[in-house]
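Down below is the structure, laid out as structure tokens.
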Amino acid sequence: MTGRLSGKVALITGGGAGIGRATARLFAAEGAAVGVLDVDRVAAAQVADELAATGGRAIAVAANVSVDAEVREAVRALVESLGPVNVLYNNAGVASTGAVDVADEDDWDRCMAINAKGTFLTSRAVLPSMLAAGGGSIINQASVAAIVGVADFAAYCAAKGAVLALTRSMSVDLAPRGIRVNVIAPGTIYTPMMEPLLKARGGGDVERGLATTLEKYPIGRLAQPYDIAAAALYLAGSESAFVTGSVLTVDGGMTSQ
Amino acid sequence: MSRVAAVTGAGNSIGPAALQSLEEEHLQVGALDLDCGAIAW
């Protein structure tokens, strides 16, 4: 590793598992001090402990990103411990299955709250310290579902579409103030979050759902969390200094068809 | 059989024009708005 994030403080939401955990590991390996935020306090602590054990600076903070008071407290604790946030990765997300005629209202609300509102609330909470630090990079997490329609995924498509549009809005507002805002649109990764969708897609069989999903990927495999973490590293660091408002698809060609 | 159309947000902006267009096409139109009084027939 080459210290591409040396001296930076990064906050990663949903940092306790999947893409978030892979990104926390990569950012720490590149020299960042990492705030691992997760609704699962134990998972966040395990990741932070792992980073600290390998020589990194990391703390765990627990919060539901859709609850403003929890987010503010988590950010306050992070800034107090590690300093102003230079990089925010709004990665926390939940899936929701169902076409629009069968989608559950509570599920819809939860999906919008975690994916879309959570991005808003966490960004808002981080901005004062980021601005005080002279700028930074915000990376939002959308999905291929923000770009193309994915069957039986109505609420998720809507929520990730909101994140994509919010990113463009934020990039315009914040560029003059020294903050870049970009969004990653990952293709399917086999994480715990995806299991309900894969199960539904496979008629109750996760393996069949995986095979059906794989057919949509020209590159011949699904993504690994590291694939997305590497994209986040690019957007976090100075190599992307002129990049803002961009949608970076990391999808093995899924949306190119 | 006549066709039935539903228009949400029918009370202002694009809504009234949409109602008028649909009626001109002889559709039966259901108009929905948070403010019922704003819907002009």
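Tabulated data
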{"item": "Sole residue being of a type in the set (Val, Ile, Thr) and touching a Lys or Arg at 6+ places or on another chain (Cβ under 6 Å), chosen from A:Val34, A:Val75, A:Val87", "result": "A:Val87"}
{"item": "Odd one out for A:Arg4 among (1) among the basic types (Lys, Arg); (2) outside any helix (DSSP H, G or I); (3) under 14 Å from the mean Cα position of the chain (by Cα)", "result": "(3)"}
{"item": "Test result for A:Val150, touching a helix residue (DSSP H, G or I) at 6+ places or on another chain (Cβ under 9 Å) and modelled with pLDDT of 95 or more", "result": "no"}
{"item": "Selection status of A:Ala17, surrounded by fewer than 21 Cβ atoms within 10 Å (Cβ to Cβ), within 25 Å of A:Gly187 (Cβ to Cβ) and of a type in the set (A, V, I, L, M, F, W, C)", "result": "yes"}
{"item": "Members of the stretch A:244-254 that are touching a strand residue (DSSP E or B) at 6+ places or on another chain (Cβ under 6 Å) and over 11 Å from A:Ala142 (Cβ atoms)", "result": "A:Thr244, A:Ser246"}
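The values are calculated or read from the model by the stated rules, or taken from the named source; none is laboratory data. All figures in this text were calculated on a predicted structure; none of them were measured in a lab. A quick note on method: Cβ atoms are made from the backbone with ideal geometry, for glycine too, and the neighbour counts reach across all protein chains shown.
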